[in-house]
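The structure under discussion appears below in the form of structure tokens.
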């Protein structure tokens, strides 16, 4: 259970922080800090168990029939990384409390940050590879939201899209690689995979697995050639950058490389793919960092370089290299987070991060200057700091690397050159900002930030010093525990002492420090052009390559869309029906129709009359759609009513009730949307005959519609003539009550047997409602389309009732409107009645929700949009969210009884006064369906009705009174940037 709470706490805190009121920083920062600190304490409490070699596990059956489990696993390596994520998250929350402006929507920031932490902990603690990939992609989504937090800025939106595109595509490659691993091993369980190293390395699919996993990890950790997205992610707020670069997101890739090192490493392909990418990133990132003009730009490219160092260590196929990589992961987190915080403080207090404008800040900000100097020295590898020890371990591995003569000489040389660049950009970062004469043209007068804002950076700098002076006594036990969790009995002996005597790695360190100083001062002497000419890759622009690729993909997609689709809805439907008819014909040719042995019953004249009327209305709909849309809509409703009567005739009252409710809601919603459709182009004179092309199109439509209709009729006829029990229906009928606990077979199928399907369907319904709302809230109907008298004649009196711009004469609607308003509570009681009875009798959440939605629509039709919006406190998006939470909560409640997801839990007993009661989580699931249907219908209704409010130019007064407006999506105040402080 501790592992479950470690995962759950950040997500719970994310929800609570997101519900906090805007324009405040204290409550949500306290909430976020408390949950992050709670995770940190929980993780720390588990160290004695993992230090003893125990692997802590927690497993929950998810879908046992499919072999799916929700599995959590913590060993020493996962503990170290989880501790890094949670502790760094707590420090970033404290820092962000003082960094973020009160003008920002701070609750949203902390909500995103905590969800980011939860997703990262999910990756670290997952015991199943497929589950890990789900959390992996969730980190990409959370980082997208955080990078684009200041969404009013173009660079933030572009950086967020770039990061999501690159990392999500890498995540898809990783998923493919994981599926191949499961195919080879026969399991996705991490323990089974880690025990199958020889099997994977000797399998023919090994190279494909390595390539796909490598693409996933290298894109996530911004390694060459996928490094270009990381500098553009600097548009995020600095607390996000500090967290993203130190303990999350970019560290996810190297985390997985270490985790899968026992099963994928040890081959030439691993050395050249992983080691080559790391070597390129090490050099390219270090070189590019020297020429950045922005403080965060320098740190971004230095992150690429240091991650390249870690990746190169992992690619060397050395156990000591793996140990050094884990050590540098922890070291890099401390000094890089501290440096980002220093950059944010400088930006916060001076109003700029431009290195060309900053100078001499050590006089006005001595504490910040001291902390930044120590952290930069750790990044450069200065002795008595943690970065020096892990970099010496790196030099040692390059010296003793095995391979060709070129590798043995070239790798140490490249390592020294890259370290020289590291020293050079570290010197530039410090000397150009904090030393020299004080700057005179800064946007704001510099001064020290509040002490609490300096505390996180001070704690990280203290860690750099303590680990650098006493490495074995401080980080040694944790590093040893993590290494044993990965290498087991193959863990090499190591000594983290500061002094190992005079040796070649020490000479390399001294040479790197001296060479870095020379490079820095050489650049100060205007040698930048020479350096840019020596390295041809300096002018390569990854952003340009990415945007060119995306634009070409868009052009190809647009060409395919033009070739295979059409802007005309009629043509799109024709293509869809043709595809369906072709698929059905192919299936019939392969398998034929199933046997149909049931005898035919005598045709009832009344039933035949119902179908004649329904068929005539269906044909009339097709004819009238060209000339009179309102008449066509009415006839379509009659055809739907005929279908409803058919369900009732065949003793399917549940389907009949659902069909009737759907018909009412859809007809009225379409009726409200009729007035926004463009006018039909109709021939002015009846003497003008249709063209040959028009006749051909009509003939095509008739043929396609006839084939589709006759095909579905034949399929339905064949199914109805099957012998009873020939399909799967008998299983549901026999097991509905004993297994599902309900007599209404239809409802039991929807909420129990096929609960996964229903969960997906209501999710799609909510997404569709939000999409319709998002599209219509920016829709501007043309002025002439509202003024056409013919359009008003088509919609008739109903359009006038729905249009607040043209109220009816006084008294004409008073009595109907009053009756409709009185109908609302009655309809609410009826909808609840159908909700509660649905498990045993016709009804359910879907039907109940549609009944309630119908009553709400009637309020709009009777009272007008202004009346409804001004008196309704309904917030449809909240209803959609609550519906999804209820349904998901009903599914997760099964975990309390250690049963699979969406398993029904029931209680039957007797209560005082109330008598005998039967309660089940199925009701909670059905309640979620009920709430979501109401919210979706109401949201679409608001979107349609809101166009009227736009046209009246009286929205502000109504919006102040309304609870059912576009408030959550539109008119958001522009968020501030650090320049606004």
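Rounded, prolate or oblate: which fits the range 267-525, taking a ≥ b ≥ c as square roots of the Cα gyration tensor eigenvalues, rounded meaning a/c under 1.5, else prolate when a/b beats b/c? Here the range 267-525 falls in the prolate category.
How long are the semi-axes of the ellipsoid equivalent to the range 249-394, from square roots of 5 times the Cα gyration tensor eigenvalues, in whole Å, largest first? Display every interim value, and only then the final one.
Numbers: eigenvalues 205, 46, 27 Å².
Semi-axes (√(5λ), whole Å): 32, 15, 12.
Sort 4, 346 so the one with the fewest other Cβ atoms within 10 Å of its own Cβ comes first.
On the way: 4 14, 346 26.
Sorted ascending by nearby Cβ count, the order is 4, 346.
Report the calculated FRET efficiency for residue 408 and residue 470 (r = Cβ-Cβ distance, R0 = 25 Å), to the nearest 0.05.
Working: r = 34 Å, r/R0 = 1.35.
That gives a FRET efficiency of 0.15.
Taking the square root of 5 times each eigenvalue of the Cα gyration tensor, what semi-axes in Å does the equivalent ellipsoid of the range 1-264 have, largest first?
Details: eigenvalues 196, 100, 42 Å².
The three semi-axes for the range 1-264 are 31, 22, 14 Å.
A simple spin-label model places pseudo-atoms 7 Å from Cα toward Cβ; at residue 504 and residue 195 they are separated by 4.1 nm. Extending 7 Å from the Cα toward the beta-carbon at both residue 54 and residue 767 defines two label points whose distance is 4.2 nm. Neighbour counting of Cβ atoms within 10 Å sorts the residues 607, 388, fewest neighbours leading, into 607, 388.
Rank by packing, highest mean first: peptides 236-249, 745-758, with packing defined as the count of other Cβ atoms within 10 Å averaged across residues. Show your work: numbers first, answer last.
Numbers: 236-249: 28.0, 745-758: 20.6.
Ranked by mean Cβ neighbours within 10 Å, highest first: 236-249, 745-758.
As a calculated quantity, the FRET efficiency between residue 630 and residue 691 at R0 = 25 Å, using C-beta atoms, amounts to about 0.40.
Between residue 452 and residue 41, the FRET efficiency estimated from the beta carbon spacing at R0 = 22 angstrom works out to 0.60.
Radius of gyration over Kirkwood radius for the range 402-506, both on Cα atoms: the Rg/Rh ratio is 1.10. This ranking places 882, 464 by how few other beta-carbon atoms lie within 10 Å of each, fewest first, which gives 882, 464.
Computed from the C-alpha gyration tensor, the three semi-axes of the ellipsoid equivalent to the range 1-64 are 29, 17, 4 Å, from longest to shortest.
Using 0.36 nm times the number of residues separating residue 557 and residue 616, minus their current alpha carbon distance, what extension gain do you get? Display every interim value, and only then the final one.
On the way: separation 59, 0.36 × 59 = 21.24 nm, distance 4.13 nm.
Going from the current span to full extension adds 17.1 nm.
Straightening the chain between residue 571 and residue 840 buys 92.4 nm, computed as 0.36 nm per residue apart minus the Cα-Cα spacing. If the chain linking residue 103 and residue 911 were pulled fully straight, counting 0.36 nm for each residue of separation and taking away their Cα-Cα distance, it would gain 285.7 nm.
Readers should treat all values here as calculations from the given coordinates under stated rules, not as data from a laboratory. Please read all numbers here as calculations on a predicted model, not as lab measurements. Every residue, glycine as well, gets a Cβ built from its backbone with ideal geometry; the counts of neighbours run over all protein chains shown.
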